[in-house]
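Right, one structure below, let's go through it.
The values are calculated or read from the model by the stated rules, or taken from the named source; none is laboratory data. Keep in mind that what you see is a predicted model, and the values were worked out from it rather than measured. Glycine also receives a Cβ, built like all others from the backbone with ideal geometry; neighbour counts cover every protein chain displayed.
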Amino acid sequence: MERAPNSEDIQLFRDAVKDVTPLATRDEKVRLDLQRPKPRPVPKRLRRDDQQVLADKLSDHFIPAYELEFGAPVSYLSAGHSPEILVKLRRGHWPVQAAIDLHGMISDDARLYISSFIGDCKSRGVRCVRIVHGKGLSSRNQEPVLKNKLRGWLMQKDEIIAYVEAGRQDGGSGAVIVLIKA
């Protein structure tokens, strides 16, 4: 394990390099990169705690009654937005900028991954994403566990404007296309 340099170490270093002349460089970018202050570190525990709070905010049992109708198309539009958004999302008006695949994940891991992914996309300005949840053909009872839970999780996220079932080329009933607030 490395130890932090003490004042004696610092003075020894300064004495050793006092006659050194910096290299001349014509590349302005190199000079600017060396002068740019380093970003402040983010404590790992704080990041982990934030992710846990996000995951805990999502309930596995949240699906409004109108979403439980058998054969209803998989789509969602948050309150106050035009139904035209769903039409545009289905037609690919917004290009998919990022995608994740939840195949093989257990619910708790998937919920945390979704929260983290959506938060990361929002902070990077990513508006449209694809989330592959699978069709449930490999799960016990051949029922799509993550598909149903994902729908509820996305409805609970304030960052989500809308989602629709993906087109056949993007995964069909095994994926959703999601529009995130700017």
Can you find a residue in the stretch 164-172 that is part of a strand (DSSP E or B), crowded, with 16+ Cβ neighbours inside 10 Å and either more than 16 Å from the chain's Cα centre (by Cα) or touching a residue at least 60 places away in the same chain (Cβ under 8 Å) (or both)? yes
Those residues that are surrounded by fewer than 17 Cβ atoms within 10 Å (Cβ to Cβ) and basic (Lys, Arg), I need them from the stretch 116-125; list them, please. Arg124
Scanning the stretch 82-105 for residues that are part of a loop (DSSP other than H, G, I, E, B) and in contact (Cβ under 8 Å) with a residue 40 or more places away in the chain, which turns out nearest to Gly152 (Cα to Cα)? Leu102
For Tyr113, indicate whether it is assigned to a helix (DSSP H, G or I), at pLDDT below 60 and either exposed (fewer than 13 other Cβ atoms within 10 Å of the Cβ) or under 22 Å from the mean Cα position of the chain (by Cα) (or both). no
Tell me the residue from Asp120, Asp108 that is at pLDDT below 90, assigned to a helix (DSSP H, G or I) and within 17 Å of the chain's Cα centre (by Cα), please. Asp108
Looking only at the stretch 126-163, which residues are surrounded by fewer than 18 Cβ atoms within 10 Å (Cβ to Cβ) and on the phi > 0 side of the Ramachandran plot? Gly136, Asn141, Gln142
Pick from the stretch 123-156, criterion assigned to a helix (DSSP H, G or I) and of a type in the set (Gly, Ala, Ser), ranking: farthest from Tyr76 (Cα to Cα): Ser123
